[in-house]
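Presented below is the structure to which this report refers.
Values in this text are rule-based calculations from the coordinates and carry no lab data. All figures in this text were calculated on a predicted structure; none of them were measured in a lab. Every residue, glycine as well, gets a Cβ built from its backbone with ideal geometry; the counts of neighbours run over all protein chains shown.
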Amino acid sequence: MLAIATRVPDHGRLVPWRFIVLEGEGRAVAGDRLDALYATQNPGLAPDKAHMWRDYLLRAPVTVVAVSRPDPAAKVPVFNQVLSAGAACMNLVLAATALGYSALWLLKWPGRDPDAAALLGVAPHETVAGFLHIGRPAARAPDRPRPRLDEVVTRFKP
Ligand SMILES: Cc1cc2nc3c(=O)[nH]c(=O)nc-3n(C[C@H](O)[C@H](O)[C@H](O)COP(=O)(O)O)c2cc1C
């Protein structure tokens, strides 16, 4: 799955992304550290939220943290590099799905807060593109209404 995630369009071959795998015991350790930071950031946090990030990370057997690391000094626009990171995330989702697993792409507080992300090994110049939670599907989720194609597709008329 990770090999497929690395096979994405990458303008300039800059490899503007990387992956941090959270698995096994490391999930609980990372979750405990996130909970401790969350408690300092949210004084008076309700007791039932004390272990929320530990529980969050333990829900899936593997979580891949996709990290965007564009090079601002490169000739390739940063936007192109960030899109490549998004493509890597989507490739991971597709690879997992094709192999019969379920994958969920989320970006909650641990990915959005720089101090929380740092606890997972994300550097200050990097940004989390997504947490890809991967496991065997507990149930088949019902699909939701999708945009109608005629609302999102137009044809260029010369
Ligand atoms: C970058 C990114 C971050 C996301 N973060 C969240 C999130 O924090 N919470 C959430 O409920 N959905 C989030 N989503 C949406 C879910 O990934 C998505 O809705 C879910 O996988 C269901 O798939 P569907 O949109 O095809 O129904 C995010 C999507 C992207 C692309």
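Points worth noting:
- Test: residue in the stretch 90-103 that is within 15 Å of the ligand (Cβ to nearest atom), under 14 Å from MET1 (Cβ atoms) and in contact with a Pro (Cβ under 9 Å, 6 or more places away or on another chain): yes
- Subset of the stretch 34-55 [within 27 Å of GLY86 (Cβ to Cβ) and touching a Leu at 6+ places or on another chain (Cβ under 8 Å)]: LEU34, LEU37, TYR38, TRP53
- Counting only helices (runs of 4 or more DSSP H) that sit wholly inside the stretch 1-117, those with at least 2 residues that are surrounded by fewer than 19 Cβ atoms within 10 Å (Cβ to Cβ) and free of Cβ contacts under 8 Å to residues at least 12 places away in the same chain are 25-41, 78-98.
- Restricting the stretch 127-149 to residues that are out of contact with any Pro (no Cβ under 9 Å at 6 or more places or on another chain) and among the charged types (D, E, K, R) leaves a set whose member that is farthest from the ligand (Cβ to nearest atom) is ARG148.
- Of the set (1) at positive phi; (2) assigned to a helix (DSSP H, G or I), all apply to GLY121 but (2).
- Test: residue in the stretch 133-144 that is free of Cβ contacts under 8 Å to residues at least 24 places away in the same chain and not in a loop (DSSP other than H, G, I, E, B): no
- Out of VAL122, VAL152, one residue alone is loosely packed, with under 15 Cβ neighbours inside 10 Å, within 16 Å of the ligand (Cβ to nearest atom) and within 30 Å of PRO16 (Cβ to Cβ). It is VAL152.
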